[in-house]
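Worksheet: one structure, shown below.
The values are calculated or read from the model by the stated rules, or taken from the named source; none is laboratory data. All values derive from a computational prediction rather than experimental measurement. Cβ placement follows ideal geometry from the backbone for every residue including glycine, while neighbour counts extend to all protein chains displayed.
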Amino acid sequence: MVKRPPLDLSQRQPVPAASIPSFSPLYVSSGTLAQTGNIFQPKAACTVRWIIVQVLGACTVQLLNNGEPASAPYQLASGQFVRFAGRFIANNVILSISLTPATAAVYEVVWTKEIGSHLTLDQTSVFSGVPAAAASPVLTSDAANGPVTPGAAASKSELGGGVVATAAAAGTVGQQMALQMDVAGCLRINPAAQTGSFTTYHNTVAQGVITSIFTVPTGKKWRFCSGFFQLQTQATVGNRCAALTANDVGGNTLCSIYASVVQAASLTNNYTFGQGLIDGVGGVTNQVKVGCPSFVLGPGASISLSNAGGVTGATGDKMLSITIAVEEYND
């Protein structure tokens, strides 16, 4: 049996410990785009830490890898930007940015030559933008103030300001506008709701036509104010009676108002229909007032002014200066 001498470890060289560098040098590639274009193509495999793109015009932005989508599309307004997540890429892979519609943009690609699991890859962050598929004009949450729930108070509030004005501002469709205030700081509200809501309509009918119809336009509603027409009767004997009728969109009568006096042959009378009028002939001969209620009509409803009992035909009675006045609003 051979006896070995004990091992002498005093002269043994220490084994170098595996080390992971605590710092990986970062490199930056940046530039500008006039439209969709390439932004990065490494000559060797590397790690892209992040990509930031800021657009100079409203567009949809998407990151492409060798022409294929590498991110969701994001809808940004002018000046907004997106920070795309980092990724490992092989040599000669082409990263590009799609800008639809074509617009200018600036970009920055931050990368390192190392590839390793210790290099953290984060998620895409969008700053003042939303995924294109989820774009909505309705605000459902606010990053600063927390979720916005209808009927519930937010944890924070913000001050809204207005512009002091003595007359309504002239805006265009789609334009944003500041609140209008009076000199005392009170919100200016048009008591008639919509500017220019008071509207008059005029009709012309041929001789012998004894009814004139006004129809509420699509998307509008009317509050009736007054009506007027002149009636000239020809020589055929008989009494005529001026009337106003309101029908809903289905033709159902809502109200039917007749003058309290009749008009004989060969006369000319003026008829005015309105709220608060006392029926009868006024102080001037042939001026007839007809009181009627206030009513509101929706799209497709109608107001008729007519000559009940009138003589029709080419030589019949004449209705002239047929007019109604309404307050017109969006339905």
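See the values below:
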quantity	calculated
Every residue from the stretch 223-255 that is exposed (fewer than 14 other Cβ atoms within 10 Å of the Cβ) and among the small types (Gly, Ala, Ser)	235, 238, 250, 251
Total residues in the stretch 201-222, condition surrounded by fewer than 16 Cβ atoms within 10 Å (Cβ to Cβ), within 15 Å of residue 299 (Cβ to Cβ) and among the polar types (S, T, N, Q)	1
Residue within the stretch 187-196 that is modelled with pLDDT under 95, under 16 Å from residue 318 (Cβ atoms) and either part of a loop (DSSP other than H, G, I, E, B) or more than 40 Å from the chain's Cα centre (by Cα) (or both) present	no
Residue, surrounded by the most Cβ atoms within 10 Å (Cβ to Cβ), within the stretch 259-302, restricted to residues that are of a type in the set (S, T, N, Q) and under 18 Å from residue 215 (Cα atoms)	302
Of all residues making up the stretch 243-264, the number that are free of Cβ contacts under 8 Å to residues at least 12 places away in the same chain and not polar (S, T, N, Q)	2
Selected residue (criterion: farthest from residue 206 (Cα to Cα)) from residues of the stretch 303-322 that are hydroxyl-bearing (Ser, Thr, Tyr) and crowded, with 17+ Cβ neighbours inside 10 Å	304
Complete set of residues in the stretch 40-62 that are under 22 Å from residue 99 (Cα atoms) and either touching a helix residue (DSSP H, G or I) at 6+ places or on another chain (Cβ under 6 Å) or of a type in the set (Gly, Ala, Ser) (or both)	57, 58, 60
Only one of 231, 187, 254, 267 that is of a type outside the set (Gly, Ala, Ser) and either closer than 30 Å to residue 166 by Cβ or touching a Gly at 6+ places or on another chain (Cβ under 6 Å) (or both)	187
